[in-house]
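**Q** This is the structure, below, for whatever I ask next.
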Amino acid sequence: MIPSGSEERRSDLKSNLLERLHDPLQLRLCVLVVVLAAGYFGVYVPLSGKIIETTKKLERDRKMLELAGSIEHLQKQFHQFEDRVPQQADSKEWVRYVLEGIRQLPVNLISLDCKTPKEIGPYRAIMLQVQLEGTFFELDQVLRWLESNRRLLRADEVTLSPARGIRGTITMHLTLLGMTG
């Protein structure tokens, strides 16, 4: 049988390739190309999807860890003032508490009004409108009592104005905000 042209070309190509591979530099290049191709198609391509998935999972876990740290920080802050928020206090109890505190101080109570409580997350805010009369130093004692009392109570608004008729006295309008559970 007579070899065909394509078979001759194949055998020439094989012999030519084998001759080139006897050269150490060309053999190294060929082996390098084969190893890189095998590494890319045999290792990287199958694992690239898993790498992307693992990167996304790692980022999600980092965010969860950051959130857990934030929650832990907030819990520590909450435990610092937890005992300052009465759990079952209503508006009447807050009025009694503020009256007891003001009675200990040398000021005149002109009025005390309680507004409807507002819901603030899991807590209720009791709003009290207080009008007091006294000297500057007496009213300063009221503000100091508000800052240092055991409950979580703040002066939301303070307005000072001179009292009518009596010299040296000042009228203070306070809007107090107290937290309850």
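**Q** Pairs needed: first member in region 116-128, assigned by TED's automatic domain parsing to the domain that holds V158; second member anywhere, β-branched (V, I, T) and not in a strand (DSSP E or B); C-beta distance under 9 Å; at least 6 residues apart or different chains.
**A** What qualifies is Y123/V85; I126/V95; M127/T116; L128/V95; L128/V98.
**Q** Taking E133 as the residue in question, decide whether it is surrounded by 12 or more Cβ atoms within 10 Å (Cβ to Cβ), touching a helix residue (DSSP H, G or I) at 6+ places or on another chain (Cβ under 9 Å) and of a type in the set (D, E).
**A** Here the answer is yes, as E133 does meet what is asked.
**Q** Which of the residues spanning region 123-164 are assigned to a strand (DSSP E or B), within 16 Å of V107 (Cβ to Cβ) and small (G, A, S)?
**A** Matches in region 123-164: G134, A155, S161.
**Q** Among the residues of region 105-115, are any of a type in the set (S, T, N, Q), surrounded by 10 or more Cβ atoms within 10 Å (Cβ to Cβ) and touching a Gly at 6+ places or on another chain (Cβ under 7 Å)?
**A** Yes, region 105-115 contains a residue that is of a type in the set (S, T, N, Q), surrounded by 10 or more Cβ atoms within 10 Å (Cβ to Cβ) and touching a Gly at 6+ places or on another chain (Cβ under 7 Å).
**Q** What are the residues in region 144-168 that are surrounded by 14 or more Cβ atoms within 10 Å (Cβ to Cβ), of a type in the set (A, V, I, L, M) and under 29 Å from I120 (Cα atoms), if any?
**A** L146, L152, L153, A155, V158
**Q** If you check T171 against the conditions, is it in contact (Cβ under 8 Å) with a residue 40 or more places away in the chain, buried (at least 17 other Cβ atoms within 10 Å of the Cβ) and outside any helix (DSSP H, G or I)?
**A** The answer is yes for T171.
**Q** Give region 4-59 a look and list any residue that's part of a helix (DSSP H, G or I) and among the acidic types (D, E), or say none.
**A** E7, E8, D12, E19, E53, E59
**Q** Oh, and also: T135: polar (S, T, N, Q) and out of contact with any Pro (no Cβ under 9 Å at 6 or more places or on another chain), yes or no?
**A** Considered against the rule, which asks whether it is polar (S, T, N, Q) and out of contact with any Pro (no Cβ under 9 Å at 6 or more places or on another chain), T135 comes out as no.
**Q** To continue, here is another question. Which residues, counting only those in region 73-85, are of a type in the set (D, E, K, R) and exposed (fewer than 10 other Cβ atoms within 10 Å of the Cβ)?
**A** Selection gives K76 alone.
The values are calculated or read from the model by the stated rules, or taken from the named source; none is laboratory data. Remember, predicted model here, so these are calculated numbers, not experimental data. FYI the Cβ positions are ideal-geometry reconstructions off the backbone, even for glycines, and counts take in every protein chain you see.
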